[in-house]
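Shown next, in structure tokens, is the structure this report addresses.
The values are calculated or read from the model by the stated rules, or taken from the named source; none is laboratory data. Since this is a predicted model, take the numbers as computed values, not measurements. Heads up, the Cβs are rebuilt from the backbone with ideal geometry, glycines too, and the neighbour counts pull from every protein chain shown.
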Amino acid sequence: MPVHRPSDHRPRLDALSAAGLSAFPGLFAAAPATTTADFARLDGDVAMRSFPGSGERVLAPLMARPAYFWVAKSFRHVDPATAFGHNVFRALGGVRALNFVATVGDSAVDHRPAVRLDYSDPRVGSGSPARRIYDELREIEPDLWLGPSYFTAKGRRISMGWFALDASVEFDRLA
């Protein structure tokens, strides 16, 4: 499967970046509970922007740029309630890695339905430390998804920051 590059024109991701980390918990909490119908629309390669936690002062400016090497998450539905996915990187001419299984279930944040990305599911064979990643998403605007990202250690989820997906961003083939 070829790796495509999302357009640099991403006004909704830019607006989220300008809003800052402090706005994200409220946006996530105010978003409607995710349904399997909502989840079914989250399909194919979807442009991504990372928003690292406040402790990431060095990487934060790089991660907020459209040219950052982590460009998308990809979803392939195997049934209405389950999708297999992976992360898309621009590095080395385009790499698909960090596999996950996505389902709708109760959020670890507020116990309301959200898309849960499970990197530890044995069906995807992610290696350690990838198995310790746990992400969630809710649709905060049509085709604009936002959620927290965690690293699990000793039974605790440690926040790594937030990320957003914008399904309205077009993709171009990598040169």
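Within region 21-36, restricting attention to residues that are without any contact (Cβ under 8 Å) to a residue 12 or more places away in the chain and surrounded by fewer than 13 Cβ atoms within 10 Å (Cβ to Cβ), which residue is farthest from Val71 (Cα to Cα)? Filtering region 21-36 for residues that are without any contact (Cβ under 8 Å) to a residue 12 or more places away in the chain and surrounded by fewer than 13 Cβ atoms within 10 Å (Cβ to Cβ), the one farthest from Val71 (Cα to Cα) comes out as Gly26.
Got at least one residue in region 7-25 being modelled with pLDDT under 60 and assigned to a helix (DSSP H, G or I)? Scanning region 7-25 turns up no residue that is modelled with pLDDT under 60 and assigned to a helix (DSSP H, G or I).
Restricting region 90-126 to residues that are modelled with pLDDT under 80 and assigned to a strand (DSSP E or B), the residue that is surrounded by the fewest Cβ atoms within 10 Å (Cβ to Cβ) is Ala97. Here is the figure for region 27-66: residues that are aliphatic (A, V, I, L, M), over 15 Å from Trp162 (Cβ atoms), assigned to a loop (DSSP other than H, G, I, E, B) and at pLDDT 85 or above total 2.
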